[in-house]
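Since the structure comes first, as structure tokens, the remarks are kept for the end.
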Amino acid sequence: HSDQLPFLAKALGDCLSQASPAGILQPDTILIPQPSMRRWLQNSLAEQFGIAANLDFCPPGSYVNAMLEPWLPKSVPLLTAEQLHWRLFGLLQDPGVLKQPDFQLVSEYIQTGEPQLRAWQLAGELGEAFEKYQAWRKNWLLNWHRKAPERDWQGMLWHLASQGHAFRAQAYQNYFNAAQQRQNAKPLQLPSRLFVFACQNISPDMLQILRSFGQWSQVHFFLHNPCHA
């Protein structure tokens, strides 16, 4: 860890210069939070070594989701962010939903102005919130999916929107359950070593998943610490 990103980039370069257990043809995977930081890091490594190639850069959330795809329920389709937006949009225009007492404030908001436009915008905001809950509040979504809560319009919307679909929070929980039961939970596509660069804003669940990958792979964290090293 360091308060200087160039120091972390050099430390990463030193690790990359060591032979990978999987051989020189195996790409190295680097989890990085932002495209702009990816470009900066790639340039920094190229300046250090003269070339930066055979590297797979990926956001941590997308990477973990891909690794845990086998733990999604198989019998139902995955609820993508785009599908969730449309399903919420339909529910926010459903008179049977809006007439419920718990939706009074939501109904008043949508009916003030252009109802379709407001329903679409609110569905987008709710969809983004639910996507964050997948990583940060997965227990809320799991409980709301099983049973619609009382006096909670947000939970009721998720219950209705998620029926008949799988979602990422289920994969997280299924993976944790498999690990607790000491099943062989190793993801098939997990590389022999993994680098996590300056990923500070990751949820406790995601951090636990990355930590668990250390059972089978080398997992290196390069943390941007604001304290002087």
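The values are calculated or read from the model by the stated rules, or taken from the named source; none is laboratory data. Remember, predicted model here, so these are calculated numbers, not experimental data. Note that each Cβ is placed from the backbone with ideal geometry, even for glycine, and that neighbours are counted across all protein chains shown. Quick note on the areas: whole protein, heavy atoms, side chains included, nothing else; ligands and nucleic acids left out. Shrake-Rupley method; radii C 1.70, N 1.55, O 1.52, S 1.80 Å.
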Quick one: 3J(HN,Hα) in Hz for segment 174-190, Karplus 6.51/-1.76/1.60 with θ = phi - 60°, rounded, Gly and Pro as x.
5, 5, 4, 4, 5, 5, 5, 8, 6, 7, 6, 9, 5, x, 5, 8, 5
I need the trypsin sites (Lys or Arg not before Pro) found in segment 118-226, filtered to DSSP loop residues with at most 10 other beta carbons within 10 Å of theirs.
LYS147, ARG151, ARG182
On the accessible surface of segment 140-229, probed at 1.4 Å, how many percent belong to carbon and sulfur atoms?
48 percent
In segment 103-229, if the dipole is taken from +1 on Lys/Arg beta carbons and -1 on Asp/Glu beta carbons about the Cα centre, which of TYR109, GLN200, TRP120 is farthest to the positive end?
GLN200
Give me the one-decimal nm value for the distance between modelled label points at GLN154 and TRP86, 7 Å along each residue's Cα-to-Cβ direction.
2.6 nm
Which percent of the accessible area of segment 1-53 is formed by carbon and sulfur heavy atoms (probe 1.4 angstrom)?
56 percent
Taking every other residue with Cβ under 10 Å from the Cβ of PHE167 and scoring Lys and Arg +1, Asp and Glu -1, one gets +1
Give me the lysines in straight-line cross-link reach of LYS74: C-alpha distance below 29 Å, same-chain residues under 8 apart excluded.
LYS132, LYS138, LYS147, LYS186
Highest GNM mean-square fluctuation among PRO59, PRO101, PRO70, for the chain with Cα springs under 10 Å, belongs to PRO101
Probe 1.4 Å, protein heavy atoms only - accessible area per residue of the chain in square angstrom
57 Å²
How high is the FRET efficiency from SER192 to GLU125, r the C-beta distance, R0 35 Å, rounded to 0.05?
0.30
Taking 35 Å as R0, compute the FRET efficiency from the Cβ-Cβ separation of LEU117 and PHE49 and round it to 0.05.
0.10
Prolate/oblate/rounded label for segment 54-126 (Cα gyration tensor, a/c 1.5):
prolate
Listed candidates [x] -0.76; [y] -1.02; [z] -0.87 - label of the one calculated as log10 I(q)/I(0) by the Debye sum over Cα atoms at q = 0.13 Å⁻¹:
[z]
Only loop residues by DSSP count here, and only those with at most 11 other Cβ atoms within 10 Å; note down the trypsin sites (Lys or Arg not before Pro) in segment 7-75 that meet that.
LYS74
